[in-house]
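First, the structure itself, so that you have it in front of you.
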Amino acid sequence: MSGFLFILYFKGTVLGKRELEESIISLKGIGEKTGKLFNKVGVFTCDDLIHYFPRGYDKFDAPVKACDLKTNIVMSSRLTIVGSITKRRVRNLSITAFDAADETGRIKIVFFNAPYLASSLKSGTTYVFRGMVRKKGNFFSMDHPKMYKEDEYASLIGRLWPRYPLTKGLTNNTVKKAVEKAFINIGCLDEFVPSDILKRLDLMSYFEALKAVHFPSGDLGLEDARRRLAYNEFLLFVLRLRFLKQNSDEVQNMSRMIEVADTKRLMEQLPYDLTKAQIRAWNDITADLSGPFVMNRLIQGDVGSGKTILAFLALLMTAANGYQGAMMAPTEVLAAQHYETFNELIKKYNIKNLNLALLTGSLPAGAKKEVQRRISEGEVNCIIGTNALIQDKVNYKNLALVVTDEQHRFGVRQRGALSGKGESTHVLAMSATPIPRTLAIILYGDLHISIVDEKPVGRLPIKNCVVGPGYRETAYKFIAEQVSKGHQVYVICPMIEQGELDGVENVMDYSEVLRSALPGSVSVSVLHGKMKPEKKDEIMESFGRGEIDVLVSTTVIEVGINVPNATVMMVENAERFGLSQLHQLRGRVGRGQDQSYCIFINSSDDEEAAKRLDIMNKSNDGFVIAEEDLKQRGPGDLFGVRQSGEMNFRLGDIYHDSDLVKESAMDADRILLEDPDLSLPQHAVLKEVLGTKSANFVDFTTL
């Protein structure tokens, strides 16, 4: 779901175990230097450590003969380096290459930007090479495989090895050993889910699930553990929403508004008619703003369905009634884009009642202070911004409406912090991710929902194709052709750097490959979630201005600047993503008047993956895709790339685990029906968990 980026994340700190509160430095073998590295990834206590989940697992199978290698699969083979080891440069890309063989065949091995290998490797040396197998012409190849000595690899065969998120200086082995020591120290944890629920759903214990995630004995046990921890997330999430709803339902509307001529006049002047879905949503909004209770509404609509004009109309109605309205966007780039769009509408249609201001964190101190003054004195009645809108220094004169754009990037807390700046403030949230209504009602439990399920007339549908890796060369030529026509291109890779997940493309290496494959005149740049916010904004602004031709990015561009000139989206390893996330990514193109295209590269030979991706090939309807995603979604990020770009639970996936979402909602309602304030002894631990900061919505950093 496009839900809250701020997720309910449980821990064990309330369970009466002093050891959980202890600093990780208390663990044997971890000194202050290593402790600071753990702190960088958000691990400070033993409790943090046992909830620092792997991002994936390596499963090591026995090496196969060269003749038995299969393409587009991560495989291992015992091979001997033969012939010479060559080095060459293609512009800024260093390429080290050699052949490796056994008695049954030969494959090509290629490393990028690893020139030191040429001097450290020798012909005649045998290694086990493990990596994604490709077919180049008549030869098999591996790009950037991992190399193991034979005895080293033998010790890994048949085991699942957790792979943790790391920072420079922190190794996977260090994390693994620290986790082992933490579990020895803490002994056991109390259970907070009622035993009858665990029995009915056949869920393992909380403590056993935690251990199994870190030390899995096999795929089945690992999935059982993930499922149990996912249920915890959903149950706590729904319970929290139920309590919020109890506190927010039917708040008296102290900012009651009347319908105004300004909005009717604007709708008549627009060069297009609102769709029937937009009109339904607008009627819902006006009824809420003029009704007896405060509005808490979500506008759920596909990319390009016309949600922004509804937000503008609501802000205009608010201003015409003498109140202030604010619109919060997740990035400065998006906030600035809304500000410019609204300014253009004001000028074009000669709108008198709306006075705009832009407030973001990067504004110079003097300018920020002046905007804050204008807000507090009521000189402006429509404020567009980022998190800067909810800072303590920002005081509104009479805030009556809060709009949050890209709802899934904000939590209930952030939205509440902004609405708390006024008295009984109306809330209008917007989400571009279509969710099946049954799930939306549960996961957006504190909001009423209006669905905008029509596209404006005249928008050209995106042309889609699902192809294999062999199509890359043709795709590169097509990209070059589109750039030569003045258009721009997105290329999406699942990972940031090589080695994060075997056999998966990453933006750093792929950008170099593209620079080699495309004409020198084509400007290629990189964007990913580990960049500082100001750097990301700088790149997106540059792309928006047309200074970058091809942007190689992770899914961080799901929410980004509107670039009508971008006509091509190519997604590598498309089989690794959920359908709804692919649809969100696709929404970055097709925003202008020119024909747009989306190329999904399927690197898997799996028939089910091909069947799933064929849905993207046939449909541009986000609601249809969401329903199919619900039916067909595979396991989440414990077994690969994070599937869900929507509601970022740590282990739960709302599509794959839709049954658990529904069960958790029913269980939460049963618990609260029996014990509304969780005062019964059997709910004591659950109440304690919900009362800690660990059970609140916390930020999850996207790739």
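Every read-out reported here was derived from the displayed coordinates using simple, explicitly stated rules and does not represent laboratory data. Remember, it's a predicted structure, so these values are computed and weren't measured experimentally. No Cβ is skipped: glycine too gets one built from the backbone with ideal geometry, and neighbour counts run over all protein chains shown.
Any of Lys33/Lys177; Lys393/Lys421; Lys211/Lys662 with alpha carbons more than 22 Å apart? Name them for me.
Cα-Cα > 22 Å for Lys211/Lys662; rest within.
Got a sec? How would Trp161, Trp282 order by Cβ neighbour count within 10 Å, fewest to most?
Ascending number of Cβ neighbours within 10 Å: Trp161, Trp282.
On to the next question. Of the peptides 611-624, 327-340, how do they stack up when ordered by the mean number of other Cβ atoms within 10 Å, highest first?
Descending mean neighbour count gives 327-340, 611-624.
For region 104-198, which GluC sites (Glu not before Pro) pass both filters: DSSP loop (anything but H, G, I, E, B) and at most 15 other C-beta atoms within 10 Å?
Loop-located and lightly packed - Glu191.
Compute, for the chain, the length of the dipole vector about the Cα centre, with Cβ point charges of +1 (Lys, Arg) and -1 (Asp, Glu) only. Units Debye, rounded to 20.
Rounded to the nearest 20 debye, it is 1800 debye.
A further question on this structure: Go through Met75, Cys46, Phe112 and say which Cα lies farthest out towards the positive end of the charge dipole of region 43-179; charges sit on Cβ, +1 for Lys and Arg, -1 for Asp and Glu.
So the residue we want is Phe112.
Let me ask something else. For region 122-139, take each phi angle, set θ = phi - 60°, evaluate the Karplus expression 6.51 cos²θ - 1.76 cosθ + 1.60, and give the result in whole Hz per residue in order, putting x for glycine and proline.
Karplus values, whole Hz, x for Gly and Pro: 10, 4, x, 8, 9, 9, 9, 9, 10, x, 6, 8, 10, 10, 10, x, 9, 10.
Using only alpha carbon pairs under 8 Å that are at least six residues apart, calculate the relative contact order of region 210-364 and give it in whole percent.
20 percent.
Here is a follow-up. What order do you get for 527-534, 426-433 when each peptide is scored by the mean count of other beta carbon atoms within 10 Å, highest first?
426-433, 527-534
Another one. Could you order the peptides 562-574, 194-206 from most to least packed, using the average number of other C-beta atoms within 10 Å per residue?
Highest-to-lowest ranking by the protection proxy: 562-574, 194-206.
Which one of Ala668, Ser217, Asn172 has its Cα pushed farthest toward the positive end of the charge dipole of the chain, where Lys and Arg give +1 and Asp and Glu give -1 at the Cβ?
Asn172
Checking the cross-link filter: which lysines have an alpha carbon closer than 26 Å to that of Lys65, excluding same-chain neighbours under 8 positions apart?
Lys108, Lys122, Lys135, Lys136, Lys146, Lys149
Which value in deg cm²/dmol, rounded to the nearest 500, describes the helix-derived mean residue ellipticity at 222 nm for the chain, given -39,500 (n - 2.57) per DSSP H run of n ≥ 4 and division by the residue count?
-11000 deg cm²/dmol
Give the cross-link partners of Lys687 among the lysines, using a straight C-alpha distance below 18 Å as the criterion and excluding same-chain residues fewer than 8 apart.
Those lysines meeting the cut-off are Lys11, Lys17, Lys245.
While we're on this one: Can you return the lysines within cross-link range of Lys348? Criterion is Cα-Cα under 21 Å, with same-chain partners fewer than 8 residues away left out.
Filter leaves Lys264, Lys307.
How large is the dipole of region 463-619 about the Cα centre if only Lys and Arg carry +1 and Asp and Glu carry -1, each at its Cβ, rounded to the nearest 20 debye?
About 580 debye.
Relative contact order for the chain: what percent, with Cα pairs under 8 Å and sequence separation of 6 or more?
18
Among Asp61, Asp653, Asp453, which comes first, then next, by fewest other beta-carbon atoms within 10 Å?
With the fewest neighbours first, Asp61, Asp653, Asp453 line up as Asp61, Asp453, Asp653.
Looking at region 463-619, how many pairs of lysines come closer than 23 Å at the Cα, when each pair is eight or more places apart or spans two chains?
5
When Ser376, Ser76 are ordered from fewest to most other Cβ atoms inside 10 Å of their Cβ, what list results?
Ranking Ser376, Ser76 by Cβ neighbours within 10 Å, fewest first, gives Ser376, Ser76.
So, one more: I need the calculated FRET efficiency for the pair Asp392 and Leu460, taking r as the beta carbon distance and R₀ as 60 Å, to the nearest 0.05.
That gives a FRET efficiency of 0.80.
Follow-up. Rounded to whole Å, give me the distance from the Cα center of region 656-686 to that of region 431-461.
Rounded to whole Å, the Cα centres lie 27 Å apart.
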